[in-house]
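S.K.: Pasting a structure below so you can have a look.
Throughout, read-outs are computed from the coordinates displayed, never taken from laboratory work. None of these values were measured; they are calculated from a predicted model. Cβ sites come from the backbone with ideal geometry, for glycine too, and all protein chains shown count toward neighbours.
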Amino acid sequence: MRNFTKNILKHSLYTYFLCCFLVISNNINAQTNNSNSKPNIVFEKTSHDYGVIFAGDNGEVVFKFKNEGKSPLIINNVVASCGCTSPKWSKDPVMPQQSGEIKITYNTNIISDIKRSITVSTNDLDKPRIVLILTGKVIRREH
């Protein structure tokens, strides 16, 4: 009877460890698959130089991006560094391999150097925040 109990205990331990091994390896595979299926935002460019422009000129620029990941990309928020810069973007998710854009309008009625940043917040785990940069100079139009 003692050997029988020992054998059952031994087989129970083997079964327990085998189950633990299977559960752990399954979790590792699930994590690997999840990391491969995340969104991936890739901008065509992350800065724009207006150069020298005149007061009242068009201050609009479009930053284009693509979701090169395998799950929907969400632009959570876009925040400009000052009130002279106004961002617009779609609140809809950008599906894998699809493109989107963020339209920025700078108020060119302000005569000064342009040194502004726009922070884009996303659900891309590798790039949760991307900073877009605007540079240039607005001068007064001489009559």
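S.K.: Residues with amide H under 5 Å of Asn123's amide H, sequence separation 5 or more or different chain, H placed in the peptide plane at 1.01 Å from N; which?
M.R.: Ile74, Asn76
S.K.: Magnitude of the Cβ-charge dipole of the stretch 41-139, K/R +1 and D/E -1, about the Cα centre, nearest 20 debye?
M.R.: Details: 12 positive and 10 negative charges, 27 e Å.
So the dipole magnitude of the stretch 41-139 works out to roughly 140 debye.
S.K.: Determine which lysines satisfy two conditions relative to Lys127: a Cα distance under 29 Å, and not lying fewer than 8 residues away in the same chain.
M.R.: Correct list for Lys127: Lys38, Lys45, Lys64, Lys66, Lys70, Lys88, Lys91, Lys103, Lys115.
S.K.: Evaluate E = 1/(1 + (r/R0)^6) for Gln98 and Asn58, where r is the Cβ-Cβ distance and R0 equals 41 Å; express this FRET efficiency to the nearest 0.05.
M.R.: After rounding, the FRET efficiency stands at 0.90.
S.K.: How are the C-alpha pair distances of the stretch 41-139 spread across 10 Å bins, as whole percents from the shortest bin up?
M.R.: 16, 48, 25, 11, 1
S.K.: Which of the GluC sites (Glu not before Pro) found in the stretch 68-143 are loop residues per DSSP with 11 or fewer other Cβ atoms within 10 Å of their Cβ?
M.R.: In loop regions of the stretch 68-143 (DSSP not H, G, I, E or B), the sparsely surrounded GluC sites (Glu not before Pro) are Glu142.
S.K.: On to the next question. Between Ile111 and Asp49, take the C-beta separation as r, use R0 = 22 Å, and let me know the FRET efficiency to the nearest 0.05.
M.R.: Computed FRET efficiency for Ile111 and Asp49: 0.80.
S.K.: Moving on. What's the local net charge at Arg116, with K and R +1, D and E -1, over the other residues with C-beta under 14 Å away? Mind dumping the intermediate values first?
M.R.: Working: positive: Lys115, Lys137; negative: Asp49, Glu60, Asp113.
Taking every Cβ under 14 Å from that of Arg116, the sum is -1.
S.K.: Starting from the 7 Å offset along Cα-to-Cβ, what nm value, one decimal, do you get for the label separation of Asn76 and Ser37?
M.R.: In this crude spin-label approximation the distance works out to 2.1 nm.
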